[in-house]
Structures are given as structure tokens and as C-alpha cells.
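*Asks:* Have a look at this one before I ask anything.
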2 protein chains.
Amino acid sequence: MEKALQNTIALLSRTPAVLNALLRDLPDEWTHRNEGENTFSPFDAVGHLIHGERTDWMPRAKIVLQHGESVAFEPFDRWGHLEECQSKSLPELLDEFAQLRAENLSELRGLGLRREDLARCGRHPALGAVTLSELLATWAAHDLDHLHQISRTMAHQYREAVGPWSVYLGVLQCQAHGA
Amino acid sequence: MEKALQNTIALLSRTPAVLNALLRDLPDEWTHRNEGENTFSPFDAVGHLIHGERTDWMPRAKIVLQHGESVAFEPFDRWGHLEECQSKSLPELLDEFAQLRAENLSELRGLGLRREDLARCGRHPALGAVTLSELLATWAAHDLDHLHQISRTMAHQYREAVGPWSVYLGVLQCQAHGA
């Protein structure tokens, strides 16, 4: 397998265990608070990752392989997870994410992608031509984006509690909110 | 125990397992690259967390309890981990961090801190008067600061690989580098 794809899969395969170690049975003050209106709590972020497993990454990869640029991806709904999450607990979401991710990675490995497959182009509804390689790299970077967001959102809950130390904590100065 | 202290300990007790799930046996392209000169790789961040366990958090907590504001904390050396880390592997550092953190939390719980203890003041060499409560909250927020940094540093390695998707990834826009 291409080295870059191996690195991508190495990261993708770890994220469910990372979120499990961080969030399972953690008090709600950490997991269910956000950074203000229209921002994600850690609970929301896990729901959003689940929605991506169902509707974004592997479905798009298959569109690239089957249709190339002739069929644009469906737009992804950033808040598409809300209804699905309402009746679930965080442990349930963590379990669901782990299961979906494992299934998707099994399917990805099964595709036996070669260098020329990774170079194939699909069509993003807003960004235009994108390669399969870029899609898969973005899947991994998107995990990191939400780990970054979750750690920032949790730190936000302690912005007063740390007192004068706030000036030393870069995480409290991060302006990537809502991204 | 005070609710806020329970929440702090809940977070602090999880960080070693989070870093273990994320970093152990991950390819060096993720773990040993940084964001440029004078920035931490994930490997450096774990070493830095170890250095904090040894020289920062609990030693300072004990200074507050024993001396109040009469004895200022030793300044913390942000690069104090470098020499210690040079000969070690990342799995060794992860094990060491987990052990030191468990020992420190055991000692913290053993102190049986009451509300009036948490309100006691110590003296930071640069920030001046700080409470024990603020010190302990900062210990937890500092974990999140480095989880935030590690996820950003890892995402940085994929800034080219994601192609046009970079505009959607807040983690690639974060300006908290080096903090």
C-alpha cells in the first residue's frame, strides 16, 4: 500500500479509541458544553464524526472510483447529526463511531487502492476537482480538526478557573472557533 | 471533594490513555515532526508533560500548602525535557508519563483538599498571587493545551495533502503556534 495511505489509515484507526479514552464517563461539564451559539460540544463533535462516516468519506470515495468527475458529491450537512443524536447518550455515540469507522476502514483496505486510483479526480460541489488522495488525507485531517476543536472547547470551560495563567495557554487564544 | 476538583482530576486521569491511544506505534511522520523552528513535535509534547509532572504541578501545589505566598515557585523551563528525552523512545515516554501522572494524582487525592485549601494563595514568579484552585485548573487546561497543539501539529503535516479542503479545516488556520 502507498506509504501516505498507510499513514492516513494509521491515524483514522486510532481516533475512536482516542475519543473513548478522553470522553467516556467524563462529567457533563466537559462533554456537553460548547463555546457559544452555533458551536459544537464534544458530544456534538462525536455525532458529527458519525454523520461523516455514514454520508461523507467512503460514499464520496466510491463516487470518485465509479464516476470520476462526472457526478458531484452530495453537499455535506454540518448539522446533519443533530436529529440522530438527540435520543442517544455519549457512550452510545462513541460505540457507534467506533463500529462505523472500523467498517469503513475495512472497506477502504478492501479496495486495494493503487497509486493511479489515488490520483483519480472527483468533483466537490463547492471546491471543484479533487483527487481521491486529497479526500482520504482530508478524512484524517478532519479527525484532527475535531480533536483540536474538542480540546479547545473543553479548555474554554476552564477559561475563568485558571485565573492569570490564561495568558500562557495558547488554546484559550485560538480563534478557529466554529470551524 | 469539591466538584471542580473532581472534574479536574477526571480530566487529568484520562490524558495518559488519550496520548497512548493517539501516539503509540503511530508512524514517525506523525509523531516526530513539528511546525517549524522552536515548535514541539508530539514526541516533544509528551516529554514536556513529563517534565511538568516532575517539576511543576505537584511541587508547586506543595509549596502553596507549606509556604503560601512567602516562597515563589521555581520558574518552569519550557525546554527542560530535551536532555532527558534524547535517549528515549516515544513508547518509553508514554509509559513514564502514565506512571508519573498516576503517582501525582494519588498524592493529590491523598491531600484531602478542602475548600479553604483551594483558596490559599501561592506566588508565581511572573504572574504574582495565584490560588491553589487556579494552579490545579491550569494543570488540566495545560493537558488540553498540548492535546490542542498535538492535533494541530499533526494536521500541519497534511496541509498540502488535503489540497483545496484546507480552507474548511480550522485546525490549519489556528495561529496559536508555539504557545
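*Asks:* For the subset of the range B:122-140 comprising residues that are among the aliphatic types (A, V, I, L, M) and over 8 Å from the mean Cα position of the chain (by Cα), which member is farthest from the other protein chains (Cβ to nearest Cβ)?
*Replies:* Ranking the candidates gives B:LEU132 first.
*Asks:* Of everything in the range B:7-27 that's more than 7 Å from every other protein chain (Cβ to nearest Cβ) and farther than 30 Å from A:GLN6 by Cβ, which residue is surrounded by the most Cβ atoms within 10 Å (Cβ to Cβ)?
*Replies:* Restricting to residues being more than 7 Å from every other protein chain (Cβ to nearest Cβ) and farther than 30 Å from A:GLN6 by Cβ, the top hit is B:THR8.
*Asks:* Pull out all pairs, ordered by first then second residue, where Cβ-Cβ is under 9 Å, the residues are six or more apart or on different chains, the first lies in the range A:143-164 and is facing another protein chain (nearest Cβ under 8 Å) and under 16 Å from B:THR15 (Cβ atoms), and the second is of a type in the set (Lys, Arg) and surrounded by fewer than 24 Cβ atoms within 10 Å (Cβ to Cβ).
*Replies:* As it stands, the answer is A:MET154/A:ARG33, since those pairs meet every condition given.
*Asks:* Here are A:GLU74, A:GLU84: which of them is touching a Ser or Thr at 6+ places or on another chain (Cβ under 9 Å), surrounded by fewer than 18 Cβ atoms within 10 Å (Cβ to Cβ), acidic (Asp, Glu) and over 20 Å from A:ASN7 (Cα atoms)?
*Replies:* Exactly one of A:GLU74, A:GLU84 is touching a Ser or Thr at 6+ places or on another chain (Cβ under 9 Å), surrounded by fewer than 18 Cβ atoms within 10 Å (Cβ to Cβ), acidic (Asp, Glu) and over 20 Å from A:ASN7 (Cα atoms), namely A:GLU74.
*Asks:* Kindly provide the set of residues from the range A:105-129 that are outside any loop (DSSP other than H, G, I, E, B) and either touching a residue at least 60 places away in the same chain (Cβ under 8 Å) or hydroxyl-bearing (Ser, Thr, Tyr) (or both), ordered by number.
*Replies:* A:LEU105, A:SER106, A:LEU108, A:ARG109, A:ARG115, A:LEU118, A:GLY122, A:ALA129
*Asks:* Which of the residues that make up the range A:130-176 are part of a helix (DSSP H, G or I) and aromatic (Phe, Trp, Tyr)?
*Replies:* Across the range A:130-176, the qualifying residues are A:TRP139, A:TRP165, A:TYR168.
*Asks:* Let me ask another. Among residues belonging to the range A:28-38 that are touching a residue at least 24 places away in the same chain (Cβ under 8 Å) and part of a helix (DSSP H, G or I), point out the one that is farthest from the other protein chains (Cβ to nearest Cβ).
*Replies:* A:THR31
*Asks:* Give the residue, chosen from A:GLY122, A:GLY128, that is touching a helix residue (DSSP H, G or I) at 6+ places or on another chain (Cβ under 9 Å), loosely packed, with under 15 Cβ neighbours inside 10 Å and not β-branched (Val, Ile, Thr).
*Replies:* Of A:GLY122, A:GLY128, the one residue that is touching a helix residue (DSSP H, G or I) at 6+ places or on another chain (Cβ under 9 Å), loosely packed, with under 15 Cβ neighbours inside 10 Å and not β-branched (Val, Ile, Thr) is A:GLY128.
*Asks:* Specify which of the listed residues (A:LEU147, A:LEU136) is crowded, with 16+ Cβ neighbours inside 10 Å, hydrophobic (A, V, I, L, M, F, W, C), touching a Leu at 6+ places or on another chain (Cβ under 9 Å) and over 17 Å from A:LEU19 (Cα atoms).
*Replies:* The match here is A:LEU136.
Taken together, the values in this text are just the output of simple stated rules run on the coordinates, not laboratory data. Fair warning: this is a prediction, and the values are worked out from it, not measured in the lab. Every residue, glycine as well, gets a Cβ built from its backbone with ideal geometry; the counts of neighbours run over all protein chains shown.
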